[in-house]
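Since every read-out is calculated from the coordinates, none of them should be taken as a lab result. Because the structure is predicted, anything quoted here is derived from the model rather than measured. Virtual Cβ from ideal backbone geometry, glycine too; neighbours counted across all protein chains shown.
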Amino acid sequence: MKRPGLAGQPQSRPDSSLKARVVTAVIGGPLVLVALWTGGVAWLFVVGLVGLLGAPELGRLYGRGQWKAPMDVLLLAVLWPIGLAYLASDGLAGASLPGIIAVLVVPLVYGLVRELFRPEPHLLSTAAATAVTVLYWGGLLAHLVLLRALPQGLEYGLVLVAGTWGADMAAYFAGRRWGRRRIAPRLSPGKTWEGTVAGFIAGLGSAWVVGRAVGLPTLAALAAGAAVVVAAPLGDLIESGFKREAGVKDSGTLLPGHGGLLDRFDSLILAGTVLFYLVVGWQGLF
C-alpha cells in the first residue's frame, strides 16, 4: 500500500504540479543565471521585473486583509529601493543613513499625500502597506542588486543561487518521500524537519562546490553556503505566514507549479540579504 504524501497524493506518482515545476525551472533558471552572469543593467532588469510582477501579488494579499494598497504606491515602493541600490552600488553609498531613510520616506510620503485627495482616504492602511512593501519586497530584492555589485558579486551570487535552489529541491523531494515531523503546521503544513535537514545538507554542499569552482576560499564558500541555507527556509516560512494570514495557498499563479513570484523568490531574497551583510562584514577575512 502506497503511503499518501502530504498533499494526499501517492508519493511515487509524479503529479502535474511536479511536471509544471520542472518546466518552469528549466525555462526560468537559465534566464536568471544569464542575467546574474552578465550583471549590470541585465541583472537590474531581471530583479526589477521580478519586483514589478510581484507587486500585484502583495496587493492581493493586502486586499484579503482589508488593507488599502493602491497599485501605483506599491510599484513605487518596490522599484524605488531597487533603483537606488543600482545607483548607489558604486561604493555602496546606499548604506549611508540618508540613503536608508530615503528608501522608506519617499514612497511613504507619496502614498500619504495621494490619499489626502481621495474621496475616502485610508492613510493608516496605505502607510502600513507601503512600509511592508518597501522593506520586505522592494528592500530585500534591492540587496540582490547590491550583492552582485560587490567585487566578488558574481561568485557569491552563484553561491546564493546554488545553495537556495539546491536546498529547495532537496527539501521538496525529501519532504515528500520521508517527511513526518512538521516544522510549523499552522504556517506551512507541507514543510517538515526531514525535508529541511535534507535541504540544509544539499544546499550547503551545492553552495560549497560552486563556491570552490568559481575560486572562493574554502572558508568563504562554507560560510556563505551556511548563511544561505539557514536564511532560505526562514524566508519561505515568513512568506507562508503572509499567505496564511491572508487565507490563500499561493501568492499568485504566474509560475506554474510554483505559484507566484513571491512563492519562488521568498527564500532567495532573504538569503541574498543575509549573504550580502555577511560578505560586507567579513570582507577583510574573505
Pull out a ≥ b ≥ c, the square roots of the eigenvalues of the alpha-carbon gyration tensor of the stretch 215-257, then state rounded if a/c is under 1.5, prolate if not and a/b is larger than b/c, and oblate in the remaining case.
oblate
Work out from phi, with θ = phi - 60° and the Karplus expression 6.51 cos²θ - 1.76 cosθ + 1.60, the ³J(HN,Hα) of each residue of the stretch 101-111, listed in order in whole Hz, and give x for Gly and Pro.
5, 4, 4, 8, 5, 4, x, 5, 5, 4, x
Under 1.5 on a/c is rounded, so check that first for the stretch 128-280, then, if it is not, pick prolate when a/b is larger than b/c and oblate when it is not; a ≥ b ≥ c are the square roots of the alpha carbon gyration tensor eigenvalues.
oblate
Residues with amide H under 5 Å of Thr192's amide H, sequence separation 5 or more or different chain, H placed in the peptide plane at 1.01 Å from N; which?
Ile183
Loop GluC sites (Glu not before Pro), the stretch 148-252, which have at most 15 other Cβ atoms in a 10 Å radius of their Cβ (DSSP):
none
Using a cut-off of 15 Å between beta-carbons, work out the net charge of the residues near Phe276 (Lys and Arg +1, Asp and Glu -1, Phe276 not included).
0
Ordered by residue, what ³J(HN,Hα) values in Hz, to whole numbers, does the stretch 198-210 give under the Karplus form 6.51 cos²θ - 1.76 cosθ + 1.60, where θ = phi - 60° and Gly and Pro are x?
4, x, 4, 5, 5, x, 5, x, 5, 5, 5, 4, 5
For Gly39, net neighbour charge (Lys/Arg +1, Asp/Glu -1) across residues whose Cβ lies under 12 Å away:
0
In whole Hz, what ³J(HN,Hα) sequence does the stretch 159-175 give by Karplus (6.51, -1.76, 1.60; θ = phi - 60°), x for Gly and Pro?
4, 4, 5, 4, x, 5, 5, x, 5, 5, 5, 5, 5, 5, 6, 5, x
Assign one of three labels to the stretch 135-182, namely rounded, prolate or oblate, based on the Cα gyration tensor with a ≥ b ≥ c the square roots of its eigenvalues; rounded applies when a/c is under 1.5, prolate when it is not and a/b is larger than b/c, and oblate otherwise.
oblate
